[in-house]
Ligand code: SAH
């Protein structure tokens with residue numbers, strides 16, 4: 001059969017190897033640099049037509065000249081007008097949240113590949129928007145302007161800020177830039193989820209400022225937690241404040257003093273008394289466990305221990321240690337909420353580690369709920385990299 005006639009509307013063409021083409025045919029949206037057969041003279045961040053080695057058209061992508069992920073598909077069709085595609089994609093992303101998100105004015109509006117807008121993340125915190133650009137293509141001035149204009153027309157935020165991840169800009173060989181407001185002047189607000197209120201500083205905090213991906217897990221944890229509770233790696237108190245709805249006493253632990261200061265203001269905002277402890281969680285759990293301290297509910301939500309495939313083993317040891325200590329301190333009938341946000345640790349590996357910890361501690365655990373990230377962080381079926389968060393709720397007997 002002769003290859004389909006190409007009409008790429010003047011787009012530069014990138015040819016991918018058979019392996020790259022197969023990946024796309026399986027529904028994935030990335031092609032690695034090692035699977036690029038030809039990309040001569042293609043500009044950083046360009047919109048490109050993608051063909052296989054027989055010149056068969058596979059779709060339109062955004063090109064990066066420096067990332068290991070050389071192309072990220074943006075459409076299976078030939079794209080004539082990128083501006084209008086970006087606008088449509090943003091509208092679709094907003095419409096998806098309107099259908100799926102409940103009980104909050106803070107949620108992720110655009111989740112990169114999972115919204116077919118690779119390299120763009122947008123979060124809403126009540127009347128403020130926070131945006132992150134992760135690729136050369138999304139950093140092009142004309143592209144930024146379309147994104148900001150569409151977001152502001154659709155959502156009418158008081159301000160839009162950009163939060164820069166310097167490491168990502170370096171990897172994409174983009175000039176250094178600092179975080180700041182792109183539109184408007186307001187920098188602080190209060191947002192709510194599940195009836196709990198939080199302070200938000202659009203240019204402060206870690207990551208994009210709050211851990212919106214845990215929103216539905218907060219509600220799940222609150223549903224089962226009782227008695228004396230410990231929220232380990234508590235950050236601004238997301239779990240702790242939810243647990244306080246049902247628990248007699250709540251303690252939050254984090255190594256970051258600035259995070260705990262916000263957590264304390266959040267407790268006051270909600271009229272709650274919570275004890276905050278600044279400590280290294282590993283040391284504190286070891287000391288408390290050996291001192292015979294007991295709890296009815298424990299949440300473990302550490303930072304991503306495995307940043308790449310190479311340190312999965314070390315990450316698993318870290319998870320095991322935390323879960324061991326927590327199990328040692330849980331009273332019979334207690335609840336353990338244990339999380340991992342490392343994409344490189346699979347759900348099966350994580351469950352395996354918790355199982356080993358339970359065996360070592362001679363505790364019987366029941367899985368009450370096996371959960372993942374909130375629905376505003378969609379998981380694209382054919383793109384496993386979009387699924388990263390694991391959150392298991394266990395009952396300890
Ligand atoms: N549970 C939080 C998110 C946790 S993010 C929420 O739902 O919002 C991970 C947190 O772990 C960060 O706040 C970071 O400051 C803290 N952290 C990192 N290493 C730590 C350590 N060794 N001991 C205690 N806290 C640590």
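Please treat every number below as a calculation from the coordinates, not as lab data. Worth saying up front: this structure is predicted, and the values here are computed from it rather than measured. Ideal geometry is used to build each Cβ from the backbone, glycine not excepted, and the neighbour counts take in all protein chains shown.
Dividing the summed -39500 (n - 2.57) terms of all DSSP H runs of n ≥ 4 by the residue count of the chain sets its mean residue ellipticity at 222 nm at -9500 deg cm²/dmol. Among DSSP beta bridges whose residues both lie in the chain, state the antiparallel percentage, nearest 5. So the antiparallel bridges amount to about 65 percent of the total.
The alpha carbon centroids of region 12-67 and region 79-136 are separated by 24 Å.
Remark: the residue 190-residue 164 segment gains 7.2 nm on full extension, using 0.36 nm per residue and subtracting the alpha carbon distance. Once the mean of 1/r is taken over each pair of separate Cα atoms and inverted, region 13-75 shows a Kirkwood hydrodynamic radius of 11.0 Å.
Could you work out how far the C-alpha centroid of region 174-208 sits from that of region 216-280, in angstrom? Here the answer is 21 Å between Cα centres. When DSSP beta bridges are restricted to pairs lying wholly in region 13-75, around 80% turn out antiparallel.
Mark the label point 7 Å from the Cα of residue 351 along Cα→Cβ and return the residues of region 214-240 whose backbone N is within less than 12 Å of it. Counting backbone N atoms under 12 Å from the label point, the list is empty. Exposure proxy for 116, 111: other Cβ atoms within 10 Å of each Cβ, ordered fewest to most, give 116, 111. On the basis of the beta-carbon distance and an R0 of 41 Å, residue 84 and residue 312 show a calculated FRET efficiency of 0.45. Consider all pairwise Cα distances in region 211-396 and report the whole-number % of them above 31 Å. Value for region 211-396 (Cα pairs over 31 Å): 10 percent. Annotation: the residues 100, 361, sorted from fewest to most other C-beta atoms within 10 Å of their own C-beta, follow the order 100, 361.
Where a ≥ b ≥ c are the square roots of the eigenvalues of the C-alpha gyration tensor, would you call region 309-388 rounded, which needs a/c under 1.5, or, failing that, prolate if a/b is larger than b/c, or oblate? Here region 309-388 falls in the oblate category. Taking each residue as 0.36 nm, the span from residue 369 to residue 22 lengthens on full extension beyond its C-alpha to C-alpha distance by 121.4 nm.
Over all orientations, the chain has a Cα convex hull whose mean projected area works out to 20.2 square nanometres.
If the segment from residue 183 to residue 103 were pulled out straight at 0.36 nm per residue, it would be longer than the present Cα-Cα gap by 26.1 nm.
Distance between the pseudo-spin-label points of residue 32 and residue 294 (7 Å out from Cα toward the beta carbon): 5.1 nm. With both labels modelled 7 Å from their Cα along Cα-to-Cβ, the residue 382 to residue 280 distance reads 4.6 nm.
Placing dummy labels 7 Å off each Cα toward the beta-carbon, the span from residue 145 to residue 91 is 2.1 nm.
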